[in-house]
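The values are calculated or read from the model by the stated rules, or taken from the named source; none is laboratory data. This structure is a prediction, so every number in the text was calculated from the model and none was measured. Don't worry about glycine lacking a Cβ; one is built from the backbone with ideal geometry, like all the others, and counts go over all protein chains shown. Remember, those area values only see protein heavy atoms, side chains included, never the ligands or the DNA or RNA. Shrake-Rupley method; radii C 1.70, N 1.55, O 1.52, S 1.80 Å.
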Amino acid sequence: MMKDFRYHVVSLVAVFLALAVGVVLGSGPMRDALVGDLSDQISSLEEEAESARADADAAQAQTTTAQQFTDEAAPALLSETLLGVAVATVEVAGPDPQDSSGVRDRLVQAGATVAAEIVIEEAWTNPDQTAFRSSLASTMAPNVVGVDDATSPTTVLSHALAQALMPGVLPPGSTEDDLSGTDFPDPANAAERSALLLDLLVEAELVSGTTTAPIESFAIIAGPGAEDDAARAELSSSLAATAVVLADYTAGVAVASGPDAPGDLASAVQNSPDASAVVATVVEGTDSYGQISVPLAISQAFSGTVGHYGPGEGRTLVPPTP
C-alpha cells in the first residue's frame, strides 16, 4: 500500500515538474529563441516563395514574348514557301490537338492548302491487331498498285493510304498498265478506287479524318507515344516504315515531333538509312517556334534537300528559307 502511494506521489511530482518546465520554456528566453527561430524559417520560406513567383512570372513573360515574336515573324519567314501545295496532316501517336492545329496554321501561312486531316489510329500498330491487319491487307491488296502477296501488311496498308489520298499517283516503277490487275482497270476510275481504299481503312478503324481534295505532300505530326521506351520504339519503327512508303509518292514528307525522347519517331527516321534519305524531320516541330520549321522542311524536301532540323546532334537548328 505504501509502495502504491509513493508511486502516485512520484508520478504527480513528475507531472508538476513537466508543467513547470513548460511554463519556463513558454515564458522565458527559451521560448523567445524557439519562436524566433521559427519566425526566421517562415520568413525565409516566404522569401523563397516570392522569388519563385517572380521567376515564374518572368518565365511566363518570356514565353509570351517568344510566342508574339514567332507569330509576327512567321508570315515573313513562310511567305509563299508552299504556295498552292495541297498538304495532308497525318497525326500519329496521339499529338496534342493544339500542337496539330498550330502546325496546320503554319502550313496555311506558307501558302499551302490543308486538303486532308488524317489520324492514324492505335489499331494501325497495336500488336494485338496483327492478325486483323494481315487479313485486311490481303483483302485490299488486289486494289492496291505496287504490292503483291509477299508484301508486308504494313507496307500494303501504307500504299493504300497514299493511293487513297493521291488519286492517280502511282508508286515508282508502276504505270497505268498496272491498274489492269486491280478491280478498277480504267484509269478514269482513280478517284473511285481511292475513295474505296479510304473507306476500307476508315471502316477498319485504322485511320480516321477527312479529305477534301487530292494531296501533294504529307506533314506527319507525332505525339509522345507510349510511356515505355521499348514500346515507343516499336511503334515508331512501324510508323517510320509508313512514312517511307508515303515518300514513294511525293518528295514532300516531313515528321514534326516534340522534344527528344528515346525511341521517338524522329529518332526512328534518322536512324534508318532508308527513311532518313527521303523523310525530313523537325524535332520540337510541334512547339510554337518549331512549327515554323515544318513548312520550310517540306519546301526544302521538294527542292531535293531532305534535312533533319531542330536541337540535337546531327540536325540543323532551322531549315533555310527559299
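Read phi for every residue in the stretch 217-234 and hand back ³J(HN,Hα) as whole Hz from Karplus 6.51 cos²θ - 1.76 cosθ + 1.60, θ = phi - 60°, with x for Gly and Pro.
Those phi angles translate into 8, 10, 10, 8, 9, 9, x, x, x, 5, 6, 6, 4, 5, 5, 5, 5, 5 Hz.
How large is ³J(HN,Hα) for each residue in the stretch 107-115, as worked out from phi by the Karplus curve 6.51 cos²θ - 1.76 cosθ + 1.60 (θ = phi - 60°), to whole Hz, x for Gly and Pro?
4, 5, 4, 7, x, 7, 10, 7, 8
Once you list every other residue whose beta carbon is under 12 Å from the beta carbon of Glu284, what net charge do they have if Lys and Arg are +1 and Asp and Glu are -1?
Working: positive: Arg315; negative: Asp99, Asp260, Asp264, Asp287.
After counting each charged neighbour, the total is -3.
Could you check how much of the accessible area of the stretch 189-267 is carbon and sulfur, as a whole percent, using a 1.4 Å probe? Walk me through the intermediate numbers first.
On the way: 1720 of 3080 Å².
The value for the stretch 189-267 is 56 percent carbon and sulfur by accessible area.
Using R₀ = 45 Å, calculate the FRET efficiency as 1/(1 + (r/R₀)^6) where r is the Cβ-Cβ separation of Ser303 and Ser134; round to 0.05.
Numbers: r = 38 Å, r/R0 = 0.85.
In this case the efficiency is close to 0.70.
Run the 1.4 Å probe and let me know the accessible area of Glu47, rounded to the nearest 10 Å².
Surface open to solvent at Glu47 totals about 130 Å².
Taking a spot 7 Å from the Cα of Ala277 along the direction of its beta carbon, which residues of the stretch 288-311 have an amide N less than 18 Å from it?
Backbone N within reach: 301-308.
Count charges around Thr89 for me, please; just the other residues with Cβ under 10 Å from its Cβ, Lys/Arg as +1, Asp/Glu as -1.
On the way: positive: Arg104; negative: Glu91, Glu117.
Neighbourhood net charge equals -1.
Largest first, how would Asp177, Asp229 line up by accessible area (1.4 Å probe)? Could you put the intermediate results ahead of the total?
Working: Asp177 120, Asp229 80 Å².
Listed by decreasing accessible area, they come as Asp177, Asp229.
Quick one: net charge of Ala110's neighbours, Cβ under 12 Å, K/R +1, D/E -1?
On the way: positive: Arg104, Arg106; negative: Glu80, Asp105.
Net of charged neighbours comes to 0.
List the residues of the stretch 100-141 whose backbone N lies under 14 Å from a point placed 7 Å from the Cα of Glu80 along the Cα-to-Cβ direction.
Residues 110-112 qualify, since their backbone N sits under 14 Å from the label point.
Between Glu48 and Glu205, what is the label-point separation in nm under the 7 Å Cα-to-beta-carbon projection?
Modelled inter-label distance: 5.0 nm.
May I ask you to evaluate 6.51 cos²θ - 1.76 cosθ + 1.60, the Karplus curve with θ = phi - 60°, for each residue of the stretch 297-306 and list the ³J(HN,Hα) values in order in whole Hz, giving x for glycine and proline?
Each residue's phi maps through the Karplus curve to give 5, 5, 4, 5, 5, 4, 7, x, 10, 8 Hz.
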